[in-house]
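Reading through the structure tokens given below for one structure.
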Amino acid sequence: MPIERTLSIIKPDATRRNLTGKINAIFEDAGLRIVAQRRIQLTRAQAEGFYGVHAERSFFKDLCEFMISGPVVVQVLEGENAVARNREIMGATNPANAAEGTVRAAFAESIEANSVHGSDSLSNAANEIGFFFSESDIVG
Ligand code: ADP
Ligand code: MG
């Protein structure tokens, strides 16, 4: 299976509840390697840029407000099929539909405050990683 990299974000609802370590342990136990990581406060411009694909959605303004409501942890996860694997580990967007054992089933507060972001394709992963990290930040 191919080794891939994907962009993960631990969202403000999770950093607020001090869940960074618990979520990272889930990634690591599932075989993903955290090859870059930084805790940051997103600016509104960064949040709007990152979620630009959702600009026309009704929840866009609230989502950006939520994403700047506290610190986030941006990270690059590496491993076999990391993009799809991380989406499995995260669970469905709406925690009500998230499978047992997933991060969102365990920790998400709502469909918006759902604890983690993960890239949804290999090409989006490359773009999203580039949004936050340069190649020299990533140590595999
Ligand atoms: P995912 O994060 O699972 O890839 P999307 O890309 O569809 O989900 O949406 C991006 C983020 O926008 C979600 O993780 C969630 O925080 C928020 N979101 C999605 N749908 C809704 C909704 N119906 N109401 C409020 N927030 C939403
Ligand atoms: Mg998405």
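Where a number appears in this text, it was derived from the coordinates with a stated rule and is not lab data. Computed from a predicted structure; not experimentally measured. Cβ atoms come from the backbone with ideal geometry, glycine included; neighbour counts cover every protein chain shown.
When Leu63, Leu77, Leu7 are arranged by Cβ crowding within 10 Å, least crowded first, meaning fewest neighbours, the order is Leu63, Leu7, Leu77. Of the residues Ala92, Gly70, Val53, the one whose Cα sits farthest towards the positive end of the charge dipole of segment 1-111 is Gly70 (charges of +1 on Lys and Arg Cβ, -1 on Asp and Glu Cβ, taken about the Cα centre). I need the GluC sites (Glu not before Pro) found in segment 87-140, filtered to DSSP loop residues with at most 16 other beta carbons within 10 Å of theirs. In loop regions of segment 87-140 (DSSP not H, G, I, E or B), the sparsely surrounded GluC sites (Glu not before Pro) are Glu100, Glu109, Glu112.
Here the extension length gained between Asp120 and Ala96 equals 6.7 nm, from 0.36 nm per residue of separation less the Cα-Cα distance.
Exposed loop sites here are trypsin sites (Lys or Arg not before Pro) assigned a DSSP state other than H, G, I, E or B and surrounded by at most 16 other beta carbons within 10 Å; excluding them, the longest clear run of the chain is 58-140. The charge dipole of the chain, taken about its Cα centre with unit charges on the Cβ atoms of Lys, Arg (+1), Asp and Glu (-1) only, comes to about 320 debye.
Distance between the C-alpha centres of segment 67-136 and segment 1-38: 8 Å, rounded to the whole angstrom. Look at the dipole of segment 1-46 built from charges on Cβ: of Ala30, Pro2, Thr20, the Cα furthest out on the positive end belongs to Thr20.
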